[in-house]
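Working notes for the structure below.
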Amino acid sequence: MEDDPLIFQLKKTEKGKSILFSLISASFYYLKMNGDFPMMVRNFSCTNERFNLETMDSKGRNFSFFGYTGKLAKLLTESLTSRKPDIIVCTARSAGVDVDPLRNYLIITEANPSRIMLNSQGKVEEIELINLYPFPYYEGMPIYEKFSVLKVIMGIRNRYLKNDLISLVTKELSQMSLGLSTYELWESIKKLINEGVEAYVLSENSMGIKIVGSRFTSRRVFMENYYRYYMRINKTTLYDF
């Protein structure tokens, strides 16, 4: 199954999403911990390899974070965004020797995304972040982390009626999500729950919906189950099999 072209492409996509998630989550944690100058998120957007996070501090000053999963040498030859970012977020591997001392960076250690290096115009400071994994929630995040958000909020043994569950998760994510209005968040959670039931990572009966704990013992176990679901919904004719 894992040699199937569909699964090969999904695994490739998820690997890229996981790297981007480490950058987005570290940036989000950094904002949450920035107690002297607390920031609120004004706008968030992301693609497969980059994201833009626009914030405002308590004094009304705007700051932008731009994250990129590729090599900085390539990025810095391009036009970054319509507005020059205040902080570039990247992995240590991507940064290499390409860090420009005139720019500000958050450099994320992939092996330990809760530890970052803040490079402020050549002055380097190491910061240990509070681990808020698997948050924040956003639409393009990796599949395993997306469902892990449900697991954290629901718990393993609790069962909820569908609308009650959507309301609970939406409320809990109101300050822990990016790029989604309340309505969009509600719709996203509703879609995720329906997908979870179809993929057998959530179980539903007349008493409500609960997590299937055995599916979450590891990322590998979860994804092996999800691959079967993914194959089922994407192969629609005999020629696909």
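Pairing the Cα long axis of helix 182-198 with the longest principal axis of the chain, what angle in degrees results, from 0 to 90 and rounded to the nearest 10?
Roughly 50 degrees, rounded to the nearest 10.
Per residue, what volume in Å³ does the Cα convex hull of the stretch 6-70 take up?
72
May I ask for the net charge around Tyr200, where only other residues with Cβ less than 9 Å from the Cβ of Tyr200 are counted and Lys, Arg are +1 while Asp, Glu are -1?
+1
Taking the 0 to 90 degree range and rounding to the nearest ten, how far is the long axis of helix 162-172 tilted relative to the main principal axis of the chain, both from C-alpha atoms?
Helix 162-172 sits roughly 10 degrees off the main axis of the chain.
Counting only protein heavy atoms and a 1.4 Å probe, tell me what percentage of the stretch 121-234's accessible area is made up of carbon and sulfur.
49
Efficiency by 1/(1 + (r/R0)^6): what FRET value for Tyr183 and Arg228, r their Cβ-Cβ distance, R0 = 30 Å, to the nearest 0.05?
0.40
Quick check: the angle from helix 219-234's long axis to the longest principal axis of the chain, C-alpha only, nearest 10 degrees?
Tilt relative to the chain: about 70 degrees.
Per residue, how large is the accessible surface of the chain? Use a 1.4 angstrom probe and give square angstrom.
I get 54 Å² per residue for the chain.
Give the long-range amide H neighbours of Leu129: residues separated by 5 or more places, or on another chain, with amide H under 5 Å away, using H modelled in the peptide plane at 1.01 Å from N.
Arg115, Ile116
Would you pull out the residues with amide H under 5 Å of Ile88's amide H, same chain only if 5 or more places away, H placed 1.01 Å from N?
Phe66, Asn104, Tyr105, Leu106
May I ask you to order 165-172, 142-149, 177-184 by the average number of other C-beta atoms within 10 Å around their residues, highest value first?
The densest-packed peptide leads the list: 142-149, 165-172, 177-184.
In this model, which of Lys17/Lys71; Lys11/Lys146; Lys146/Lys235; Lys15/Lys171 are farther than 21 Å apart at the alpha-carbon?
Beyond 21 Å: Lys146/Lys235; Lys15/Lys171.
Tell me the relative contact order for the chain as a rounded percent, counting alpha carbon contacts under 8 Å between residues six or more apart.
Relative contact order here is 14 percent.
Any idea what the dipole of the chain comes to, in debye rounded to 20, about its Cα centre with Lys/Arg Cβ at +1 and Asp/Glu Cβ at -1?
Computed charge dipole of the chain: roughly 240 debye.
The values are calculated or read from the model by the stated rules, or taken from the named source; none is laboratory data. Computed from a predicted structure; not experimentally measured. All Cβ positions, glycine included, derive from the backbone under ideal geometry; neighbour counts span all protein chains shown. Heavy atoms of the whole protein, side chains included, go into the accessibility calculation; ligands, DNA and RNA do not. Shrake-Rupley method; radii C 1.70, N 1.55, O 1.52, S 1.80 Å.
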